[in-house]
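Beneath this line is the structure, given in structure tokens, with notes to follow.
The values are calculated or read from the model by the stated rules, or taken from the named source; none is laboratory data. Keep in mind that what you see is a predicted model, and the values were worked out from it rather than measured. Using ideal geometry, Cβ is built from the backbone for each residue, glycine included, and neighbour counts are taken over all protein chains shown.
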Amino acid sequence: MEPAPPITEPTPAAPIPPAILPIERAAAAFEVLLCSGYPTQIVVFTLLASLGLRPTLSNGEFNPPFIFALTLLDTVLLVGLILFFFRAHGESLREQLFARPLRQEIPVGIALVPVSFLVIAIVLVLVQTVAPFLRNVPHNPLSDLTKTRVNTMVFAFVVIVAGGVREEIQRGFALRRFEQYLGGGGVGLAVFSPLFGLGHVSQGYNVALATAVLGAVWGAVFLHRRSVAAPMIGHAGFDLAQVLFVMGAT
């Protein structure tokens, strides 16, 4: 008589994730929209204008104090909103946006600086070759902010705080919400990267397109590494290098 086959316990089924309710998707979309940068900048812009500050000078150039104040105040408001939304969901900023130790992200972030310049150069050369009409702004208006050494130094601080820190926290927050509620990180890159580029239209359509591509690269690094630290370092280094170049050329 053959021995009876051993009795095996059935493998427990993987837990089914809870269904995402429409109200949760709507709330996530609202949070992303509110933290897209446009609503908060409108609020700060209106506040500064009500105090009598003007965004441009009599010659049409950007007014440095207005732009610096707008950017820094918007940074405080936007990051504060993101922290509020994380806390409202019982989420940790560290767990959501800084999942890796900083010592692992520093070399990656430094390496992202030359990579960022390479990406921008490739996109701008392709645009100039295929669609040169997209270069519609011969004079970058941001260069108006670097006409004095003091303004240049303040601008360098602003790009580190508002560019490197704020924009990468903002991007990481948006991508996390897309992962959780709005179709995935890939969808988030496809939606948020053009929005990021649109914020640079004043520098030209070609720059807006190149910036959108670069934002997608930084976002992809975040999705892969689960930390905004490396994109933050790469972004800040990229922006700061441009300001220092302008400072050296003046």
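Restricting the first member to region 37-56 and to residues that are closer than 22 Å to Glu167 by Cβ and at pLDDT below 95, and the second to residues that are polar (S, T, N, Q) and not in a loop (DSSP other than H, G, I, E, B), the beta-carbon pairs closer than 7 Å and six or more apart or on different chains are Gly37/Gln170. From the list Leu102, Leu175, pick out the single residue that is touching a residue at least 12 places away in the same chain (Cβ under 8 Å), out of contact with any Cys (no Cβ under 7 Å at 6 or more places or on another chain) and either surrounded by 15 or more Cβ atoms within 10 Å (Cβ to Cβ) or hydroxyl-bearing (Ser, Thr, Tyr) (or both). None of the others qualify; the one that does is Leu175.
With respect to Ala229, determine if the residue is more than 30 Å from Asn136 (Cβ to Cβ), crowded, with 19+ Cβ neighbours inside 10 Å and among the small types (Gly, Ala, Ser). For Ala229, the condition - more than 30 Å from Asn136 (Cβ to Cβ), crowded, with 19+ Cβ neighbours inside 10 Å and among the small types (Gly, Ala, Ser) - is met. Tally the residues that are in contact (Cβ under 8 Å) with a residue 60 or more places away in the chain and within 25 Å of Phe157 (Cα to Cα), restricting the search to region 86-99. Selection size over region 86-99: 2.
Checked against the criterion of being touching a Phe, Trp or Tyr at 6+ places or on another chain (Cβ under 8 Å), surrounded by 13 or more Cβ atoms within 10 Å (Cβ to Cβ) and free of Cβ contacts under 8 Å to residues at least 40 places away in the same chain, the candidates Leu70, Leu77, Leu83 yield just one match: Leu70. Counting the residues of region 17-42 that are in a helix (DSSP H, G or I), of a type in the set (Val, Ile, Thr) and surrounded by 12 or more Cβ atoms within 10 Å (Cβ to Cβ) gives 2. Among the residues making up region 199-208, those that are in a helix (DSSP H, G or I) and touching a residue at least 12 places away in the same chain (Cβ under 8 Å) are Ser202, Gln203, Tyr205, Asn206, Val207. Within region 127-159, if we keep just the residues that are under 23 Å from the mean Cα position of the chain (by Cα) and of a type in the set (Gly, Ala, Ser), the residue that is farthest from Asn63 (Cα to Cα) turns out to be Ala156.
Of Gly172, Gly164, all but one fail to be under 16 Å from the mean Cα position of the chain (by Cα), more than 17 Å from Leu33 (Cα to Cα) and part of a helix (DSSP H, G or I); the exception is Gly164.
Among the residues examined, Ser193 qualifies as part of a helix (DSSP H, G or I) and buried (at least 17 other Cβ atoms within 10 Å of the Cβ). Among the residues of this structure, Arg176 does not count as one that is of a type outside the set (A, V, I, L, M), at pLDDT 95 or above and closer than 19 Å to Val201 by Cα.
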